[in-house]
Amino acid sequence: LTQPVTPELLVSPISQDGDLGSECPEDRGNWTGRLDFLLSCIGYCVGLGKCLLHLGFRVFFLLLAGAFLVPYFIMLAICGIPIFFMELSLGQFSSLGPLAVWKISPLFKGVGMGTILIVSLVAIYYNMIIAYVLFYLFASLTSDLPWQHCGNWWNTDLCLDHHVIKAGNATFPVNVTNTVSPSEEYWSRYVLHIQGSSGIGNPGRIRWNLCLCLLLSWTIVYLCILKGVKSSGKVVYFTATFPYLILVMLLIRGVTLEGAWKGIRFYLTPQFDHLLSSKVWIEAALQIFYSLGVGFGGLLTFASYNTFHQNIYRDTFIVTLGNAITSILAGFAIFSVLGYMSQELGVPVNQVAKAGPGLAFVVYPQAMTMLPLSPFWSFLFFFMLLTLGLDSQFAFMETIVTAVTDEFPYYLRPKKASFSAAICVALFLMGLILTTEGGMYWLVLLDDYSAGFGLMVVVITTCLVVTRVYGMKRFCRDIHMMLGFKPGPYFQACWMVLSPATMMALLVYNIVKYQPSEYGSYRFPAWAEILGILMGVLSCLMIPVGMVVAVVREEGTLWERVQQASRPAMDWGPSLEENRTQSPKPLMVHMRRYGGITSYENTAIEVDREMEEEEEEE
């Protein structure tokens, strides 16, 4: 009972007799270029929030009131930047993925399990969106876009061509009530073939053209993550930068269109009375929450491949502020085209704009048909969406693969390519239901619930554990080891109070203002709503499940087990021994300082006393 036991994680599979084995796990690697990490983060955040397909796009419509910029940047300062920096710090300090990083407090390892569940569900439907983009990309390789005119087999009598509207407005007004644009019918009746499904309970047949696009998208993702960050880190040099070139081209073309000023004026006209609405502030926080991608594990995973002294403080401000500027820039590109459509169709801008997938696959494709060389602009637009979407998907997949391989380094790291292939195949098979005629209903259900309140619970718990359980002083000391300085009062105040309080208010608001899912005029049945809620609850349940497992593995009374499981694991800290000491102290002394060998209560009390004395001396 008095002899310390070497943790199993420090023993190789070959040597199980208590001594360190002669074989070490394969090196997990690092970024190979100086800009790999920064570009990966930029591509991840911009792709997740700005590819017009995810929740992050809501900012473009809330920016209709120019006053939205005020709560947007306030929420960025309170929640976005601090939580972003916290995730990067955790990943870089430990060089571990979202599961193994919870050596910081094994009692809460369920938070990492919940993160992986959320990311897996998001990766399933996110790649389906990329498949839609591929479908439109291939459809743009023609001299005449297929959604440009009515008269195709998928069109109905309600279809009304915009050329007819424009010609009619020149002579007499055309009644556009109860009419449908060719692009909308192309999306719903040809691409989705949603008329073949009666609802989410009857998805219909598989759309094999969509199935092949989904297969292609998973193939592209696998080839890009084949060698981990060494391959994806090179791909992002193109996928993270080229979209900005296309965005600038679309912006220049948009602002030179007749009527573009209508959309831009609509975009920038301030309505400061909206500042008194709680909805605007909540939506601003939601936009920051989703567009930066906090809580998904991608930021932590990317940072875990950094060198120990990478300046993530500087990178935090570059990525977060760059993400906000991209939002504003994209708003000009979008609304200039919407203003042109408004003038062409003779309708107000707010009747042209449409949130969600309808913007990317209905409104903007319709706008492309009004431009000269429409196939060229359509191809550029969807190629931009493809590169943006792939950046986020790289992050999701790298998060899943890194999390599991860090848990079993001896077995999975040498076989990382095969393991990545197995994950891609499994997620592809689970996503086949999204390729059916009613697949859009399932996609909406996943989008509404997979990363909803469960993700907020994960982020709130992470923030509280780091600041309350692990300790703010410890965490700041860790950052000081990496960067040479401790975070200032701004970050500490946000981590301790402002960020968790804001996110809790956001969580409560989402629960109180809960609305059932819908797609167009279709209302989801009760069983589908329950299934969606269970998806969100399941990720939250991972936290208490992880607590039970951690407590069972300890010894002593229940309270002693909880205390022992909440302390950092023996091998918590920097991965390289030269980084584990702030001064020329022995390795084990430094490990004890961060929790150490706390198998018994008397040892734990002694370590706590030592830490208190050191803090008083400082």
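The values are calculated or read from the model by the stated rules, or taken from the named source; none is laboratory data. Every value quoted in this text rests on a predicted model; they were computed, and no experiment measured them. As a convention, Cβ positions derive from the backbone with ideal geometry for all residues, glycine included, and neighbour counts pool all protein chains shown. SASA here: full protein model, heavy atoms, side chains in, ligands and nucleic acids out. Shrake-Rupley method; radii C 1.70, N 1.55, O 1.52, S 1.80 Å.
Keeping to segment 519-532, report how many residues are in contact with a helix residue (DSSP H, G or I) (Cβ under 9 Å, 6 or more places away or on another chain) and free of Cβ contacts under 8 Å to residues at least 24 places away in the same chain.
Filtering segment 519-532 down to residues in contact with a helix residue (DSSP H, G or I) (Cβ under 9 Å, 6 or more places away or on another chain) leaves 519-520, 522, 524, 528-529, 531-532.
Next cut, free of Cβ contacts under 8 Å to residues at least 24 places away in the same chain only: 520, 529.
Qualifying residue count for the region: 2.
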Output the residues belonging to segment 263-293 that are in contact with a Pro (Cβ under 9 Å, 6 or more places away or on another chain) and modelled with pLDDT of 80 or more. Phe266
For segment 90-126, what are the residues that are open to solvent by 10 Å² or more (accessible area, probe 1.4 Å), more than 16 Å from Cys540 (Cα to Cα) and not in a helix (DSSP H, G or I)? Ser95, Leu96
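Within segment 453-466, take every residue that is out of contact with any Pro (no Cβ under 8 Å at 6 or more places or on another chain) and open to solvent by 10 Å² or more (accessible area, probe 1.4 Å) and give me the one that is nearest to Arg207 (Cα to Cα). Explain how you work it out, then say what you get.
At the first step, the residues of segment 453-466 found to be out of contact with any Pro (no Cβ under 8 Å at 6 or more places or on another chain) are 453-459, 461-462, 465-466.
From the residues that got through so far, the ones that are open to solvent by 10 Å² or more (accessible area, probe 1.4 Å) too are 453, 457, 461-462.
Details: Phe453: 32, Val457: 36, Thr461: 41, Thr462: 41 Å.
Across segment 453-466, the extreme among qualifying residues is Phe453.
Residues checked against (1) within 24 Å of Phe73 (Cα to Cα); (2) polar (S, T, N, Q); (3) in contact with a Ser or Thr (Cβ under 9 Å, 6 or more places away or on another chain):
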{"residue": "Ala303", "(1), (2), (3)": "no, no, yes"}
{"residue": "Ile312", "(1), (2), (3)": "yes, no, yes"}
{"residue": "Thr320", "(1), (2), (3)": "yes, yes, no"}
{"residue": "Gln343", "(1), (2), (3)": "no, yes, no"}
{"residue": "Val349", "(1), (2), (3)": "no, no, yes"}
{"residue": "Phe361", "(1), (2), (3)": "no, no, yes"}
{"residue": "Leu386", "(1), (2), (3)": "no, no, yes"}
{"residue": "Gly389", "(1), (2), (3)": "no, no, yes"}
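Please find, among Ala550, Ala528, Ala569, the residue that is open to solvent by less than 50 Å² (accessible area, probe 1.4 Å), of a type in the set (Gly, Ala, Ser) and not in a helix (DSSP H, G or I). Outline the logic, then answer.
Values: Ala550 fails: not in a helix (DSSP H, G or I); Ala528 fails: not in a helix (DSSP H, G or I).
On inspection, the qualifying residue turns out to be Ala569.
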Applying the selection to segment 382-399, what residues are within 21 Å of Phe37 (Cα to Cα) and open to solvent by 10 Å² or more (accessible area, probe 1.4 Å)? Met384, Leu386, Leu388, Leu390
Scanning segment 205-225 for residues that are open to solvent by less than 60 Å² (accessible area, probe 1.4 Å) and hydrophobic (A, V, I, L, M, F, W, C) gives Ile206, Leu210, Cys211, Cys213, Leu214, Trp218, Ile220, Val221, Cys224, Ile225
Looking at (1) closer than 27 Å to Leu373 by Cβ; (2) assigned to a helix (DSSP H, G or I), can you tell me which one Glu258 breaks? (2)
